[in-house]
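Quick notes on the structure that follows.
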Amino acid sequence: MMKIRKAKKTDLKKVVELFLEESSKKPYSQNYSLKDAKKRVGDMFNFGTIYLAFVDKKIVGFISMAGEGKEDIYIDEFWLKTEYQRKGIGSKLLVFIQKEYKKVGAKTISVMTSKKAGAFKFYKKFKFKEDKSEVILKNT
């Protein structure tokens, strides 16, 4: 059975481990150093809220929210251990977030992902739409 709760500072180490492990996999291949991952996850704690997904008392995923207290909130990071993907856990976590933030006045929930990532299809299932007013610019 899956449970969801807000992360505590004592969860920091396990969240960093999950983040490092999953974000380094393709198609993301982010390859953070341990130091940078600790800073990134620390920023998620300091500037937003992290919700954890548990199965059998083990952290199997998390979602980090930013922009709280505003009408448009943002999914900063959303990671599930590979072996727990496609089992309904991510869907339950996203539905939980949608309900929680709508209750406190959020009008929209935004997220950025690659069209090549499985996450793109996942969000489309939940009626997320492409925002044509936003664009990513690169200088390579």
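The values are calculated or read from the model by the stated rules, or taken from the named source; none is laboratory data. All figures in this text were calculated on a predicted structure; none of them were measured in a lab. Cβ atoms come from the backbone with ideal geometry, glycine included; neighbour counts cover every protein chain shown. What goes into the accessible areas is simple: the full protein's heavy atoms, side chains included, and nothing from ligands, DNA or RNA. Shrake-Rupley method; radii C 1.70, N 1.55, O 1.52, S 1.80 Å.
If I filter region 68-85 for residues that are more than 21 Å from PRO27 (Cβ to Cβ) and either in contact with a helix residue (DSSP H, G or I) (Cβ under 6 Å, 6 or more places away or on another chain) or open to solvent by less than 50 Å² (accessible area, probe 1.4 Å) (or both), do I get at least one hit? For region 68-85, residues more than 21 Å from PRO27 (Cβ to Cβ) and either in contact with a helix residue (DSSP H, G or I) (Cβ under 6 Å, 6 or more places away or on another chain) or open to solvent by less than 50 Å² (accessible area, probe 1.4 Å) (or both): present.
The condition (being out of contact with any helix residue (DSSP H, G or I) (no Cβ under 7 Å at 6 or more places or on another chain), in a helix (DSSP H, G or I) and among the charged types (D, E, K, R)) is satisfied by just one residue among LYS116, LYS124: LYS124.
Mind checking whether some residue in region 27-36 is part of a helix (DSSP H, G or I), closer than 30 Å to SER133 by Cα and open to solvent by less than 60 Å² (accessible area, probe 1.4 Å)? Break it down stepwise before answering.
Step one: of region 27-36, the residues part of a helix (DSSP H, G or I) are 34-36.
This time we only want the ones that are closer than 30 Å to SER133 by Cα, so: none.
No, there is no match, as no residue in region 27-36 is part of a helix (DSSP H, G or I), closer than 30 Å to SER133 by Cα and open to solvent by less than 60 Å² (accessible area, probe 1.4 Å).
Look at (1) within 12 Å of the chain's Cα centre (by Cα); (2) within 20 Å of MET44 (Cα to Cα) and you find that TYR123 fails only one, number (2). Report whether or not ILE109 is open to solvent by less than 20 Å² (accessible area, probe 1.4 Å), free of Cβ contacts under 8 Å to residues at least 60 places away in the same chain and within 22 Å of ILE136 (Cα to Cα). Considered against the rule, which asks whether it is open to solvent by less than 20 Å² (accessible area, probe 1.4 Å), free of Cβ contacts under 8 Å to residues at least 60 places away in the same chain and within 22 Å of ILE136 (Cα to Cα), ILE109 comes out as no. In region 129-140, the residues that are modelled with pLDDT of 85 or more reach residues that are surrounded by 10 or more Cβ atoms within 10 Å (Cβ to Cβ) with C-beta atoms within less than 8 angstrom, at least six apart or across chains, in these pairs: ASP131/SER110.
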